[in-house]
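**Q** Let me give you the structure first, and then I'll get to my questions.
Bear in mind that the values in this text are calculations on the coordinates, not laboratory data. This is a predicted model, so every value here is computed, not measured. Glycine gets a Cβ as well: all are built from the backbone with ideal geometry, and neighbour counts include every protein chain shown.
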Amino acid sequence: MGSTNSTLLKIPNVEVLMQETGLKLVAEENCLNVSPAHIIRLHDRFKALDKEGRGHLCPHDFGAIKELAMNPIGDRIIGAFFSPGKETVDFHTFVKILAHFRPVDKDRPKEPNSPEPINSRSNKLKFAFQLYDQDKDGKISRDELLQVLRAMLGMQVTDEQLESIADRTIQEADLDRDDTISFEEFRKSLEKINIDHKMSIRFLR
Amino acid sequence: MIQELTSRLKLNFPAQIIPRYSCFRRGSMFILVLGLLVGSLMPLGGASGSPGSGTGQDECKKNNGDEKNGNKTTKKSFPVLSLNYENVRLPFEISLWVLLASLMKLGFHLMPRLSSIVPESCLLIVVGLLVGGLIKLVGKAPPVLESNIFFFYLLPPIILDAGYFLPIRQFTENLGTILMFAVVGTLWNAFFVGGLLYGVCQLEGTNLAGVNLLSCLLFGSVISAVDPVAVLAVFEEIHINELLHILVFGESLLNDAVTVVLYHLFEEFTNAGTITVTDGFLGIVCFLVVSLGGIVVGAIYGILAAFTSRFTSHTRVIEPLFIFVYSYMAYLSAEVFHLSGIMALIACGAVMRPYVEANISHKSHTTIKYFLKMWSSVSDTLIFIFLGVSTVAGPHEWNWIFVVATLVFCLVARVLGVIGLTFVINKFRIVKLTSKDQFIIAYGGLRGAIAFSLVYLLNPKHFPMRNMFLTAIITVIFFTVFVQGMTIRPLVDLLAVKKKQETKRSINEEIHTQFLDHLLTGIEDICGHYGHHHWKDKLNRFNKKYVKKCLIAGERSKEPQLIAFYHKMEMKQAIELVESGGGSKLPSAMPSTVSMQNIQPKKPPQDRALPQLSKAREEEIRKILRTNLQRTRQRLRSYNRHTLIADPFEDGLDEILIKRKKMKELEKKMNNYLTVPAPPADSPSVARARLASDPQAWGLKSVTEIPTIKVELVSPQNPESVKVVDEFSKKGSQPKGSEEEGGLTMRVPSSEKQRKDKTPDEEPQPRFMRCLSDPGPAAEDEDEDEPFLP
């Protein structure tokens, strides 16, 4: 626990962070869970990525992760960490973004007026939606969908195929017939998928 | 004797065959058939290897005796009609049993009220009891379920069916839980039941002192395994949600390794006499060897099968055979080394499936599916019937205390095991198991024929209490199958357990799921955490880069999963449109090597762009079809809908209606929209229908010169009838993009005669034709050229 205390001092506003994200600082008093607390781990990871020790991350720090470079939507994911206009990511934001992927606490008491926890199903879906919707107009247009499909399928398919797939996708999901997919339609098309399971990382439990 | 019995049976029936209600009549006819069958079965004795064989010979000697007597006394004249039953006895009896099983299955579905209350497995056991009883009445010894027959002939089809169609995604997602239940759960059950039984046996006044600890443990290990046959039979009918289904079913499959190891372990120890710690340690090593070895053997055969299927493009007819033979060899090879045959079979089926399906023709795929279902269905039925017959036949030794104790301990062990394990598992699961889930898992732990066969295999010399074990096992099996099997359905309804969702995946779900997979992999990489997604992604990459190239023939190896999925969807939609008689166009896409569509820019938002074909495209289409489709005709004409494999199990009516409505809307808007420059109107294309049973054919016409593709279709019978559709009421029938699926062929012969007869201005009622072809002999060349017009 000694190390925890010293690291605690280095992380600014750690209580606020814990509150907002629900990530834990101290290890559970549970014989089955003896790993160090989440925020400490993330902090270590943050420092590992931040090779130059500036205290914040730039896009090319993320780019240095080689598996991410192979990921078809890697650049979108990296882009999600940086709020529009900002060039750097501090630890606070880093943790907040990653907190989206915490498994959902089913037994949290539902306080009536508290804001939705950051890892709720709805917020997870919003995060995913924003990755599709690059121009942030609240809708996934046909072009944006085509870009995603092209990224995922690479060069193996022709434009026409992509377009017909995109058309079909929009046709299925688009309920108000405006030829784009809004967040509600997005959410509805995924209602059968267990998002809580699919978009959770055990690491961040 | 036969006549006596059948006349006795017949006498009872005329009274019943007064048709008041059709189900009575059906039921009575069914019973009559059953009676006749049984009547003819009885003097023939039972199946092979049974004590009945001796008596069968007596019968035959009696039959042949007359002939022989004739020989001794006079010079026999040339026998015009002679009886030699002995030659055909074995295949004859086997066929009779299989026929009996199939007729039973048929019969149950004719009585829907009964089959909705009682699960099929119970009814079959009852039938088995009746048949066994009748055989015993006649005085012959009924056949017992021989372990060899069971393990080598009856069990493999069921397991292969399960393994081939195993839902891999759910299985791997829940693999940890399944393994926990299968391994730890079975071990717990075995030792709990075995230990407590030993304790009971040591009690005063039970006359069971002869049962030593090892025998009890052996008995415990055999009876603790959840049986895949029984689970499948019961769970199939209750349509429970996929998570529970895969948990219980996966457990029943994977616990085979544990059962095999424990069984051999205890059997060896009983012979050896003393156990040491090294023996225990070796037991654990043995378990690992058995399970992993089984999987490795299965995987090797699976890869071999996939590799073989790469080269079968010219001999499509024997493709299914490869699948079956390789799988069976995997099972037998594993059995040679005392590895877990079931796990080998599952591994083989699961490994080869993605590659084989990309390689084989659609007809072969259908064949494999239907053969597997057929064999597993017959096996299933036979197993339960034989269980019933063996109950009547088997040497029984009823000991109240032992049997009741076994039953109680089994149930208690199961419940405690599930609760305890779930408590531990829930700490690691993201989606936790609720108590309702736990109840269903505990309740679904049915025992079945595997346990029975294993005990039957025991050597009576080493295990003098074998008969008592048999009795106890049969009791437990009966209890679980009857009581638990019958009550699970109302309980599922009562507890409002989530049922299986009937709808198919939409393309949205597929795209978004893949997207989320990539997203999660990326996030895991950022966190530096090598989790589930990371390894899955690595495996996928490896698969795509190396394995697929090796095992999949031709260009399909490069086809991304999404595209394959999209094709499948398109196909299904095409079928639905065909069946619902609605719709005039399909958005379609060509496979990776040819693209046939130039989608026109959209005008009003609801209008769908229509494809346009140029000459170059035509050539490409022809090339593709030649290489990939079974049969094509050189003249390309447009066709407006594909009639494709209809999978009667899959489509929901609502979806069809909605799509039909949508398509009708679009049709109306499309009518004035010409995309094709108007060359002289060419002959309309007529699709020919070759239906297996209901020939309803309509002509399909398109007026403009547009490429059409002749492809030959295969399909099983479609229960829905096809209605006439008023397609294009104008000359502006649009060219359609053609769709191609590897191995799929559709036949659309054109007719010369029609071209001459009709002028381009005429607007005959465009009609719709459906092409189907039998998987059977029907087919082929002679008939194709004749246009078939109603």
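**Q** For B:VAL226, B:VAL547, B:VAL404, B:VAL492, what's the fewest-to-most ordering of other Cβ within 10 Å of each Cβ?
**A** Lowest to highest Cβ neighbour count: B:VAL404, B:VAL547, B:VAL492, B:VAL226.
**Q** In addition: Starting with the highest mean, order B:241-249, B:533-541, B:347-355 by the number of other Cβ atoms within 10 Å, averaged over the residues of each peptide.
**A** The peptides rank, most packed first, as B:347-355, B:241-249, B:533-541.
**Q** Hey, another quick one. On average, how many beta carbons from a partner chain sit within 10 Å of the beta carbon of a residue in A:152-158?
**A** 6
**Q** Roughly speaking, what is the stretch gain from B:GLN501 to B:THR434, that is 0.36 nm per residue apart minus the C-alpha to C-alpha distance, in nm to one decimal?
**A** 22.2 nm
**Q** If neighbour count is taken as other Cβ atoms inside 10 Å, put B:SER340, B:SER77 in order from fewest to most.
**A** B:SER77, B:SER340
**Q** Next question, about the same structure. Using the structure shown, select from A:LYS66/A:LYS188; A:LYS192/B:LYS105; A:LYS192/B:LYS659; A:LYS136/B:LYS500; A:LYS126/B:LYS436; B:LYS373/B:LYS661 the pairs with a Cα to Cα distance greater than 29 angstrom.
**A** Violating the 29 Å limit, Cα to Cα: A:LYS66/A:LYS188; A:LYS192/B:LYS105; A:LYS136/B:LYS500; A:LYS126/B:LYS436; B:LYS373/B:LYS661.
**Q** So what are the radius of gyration and Dmax for the Cα set of the range B:78-185, in Å?
**A** 20.4, 73
**Q** Can you put B:HIS362, A:HIS43 in order of Cβ neighbours within 10 angstrom, beginning with the fewest?
**A** So the residues, fewest neighbours to most, are A:HIS43, B:HIS362.
**Q** While we're looking at this one, here's another question. What average number of partner chain Cβ atoms lie no more than 10 Å from the Cβ of the residues making up A:165-173?
**A** 6
**Q** On average, how many beta carbons from a partner chain sit within 10 Å of the beta carbon of a residue in A:191-198?
**A** The mean count of partner-chain Cβ atoms within 10 Å per residue comes to 4.
**Q** Just to check I understand the Karplus step: with θ = phi - 60° and J = 6.51 cos²θ - 1.76 cosθ + 1.60, what whole-Hz values come out for the range B:442-454, glycine and proline as x?
**A** 5, 6, x, x, 8, 9, x, 5, 5, 4, 4, 5, 5
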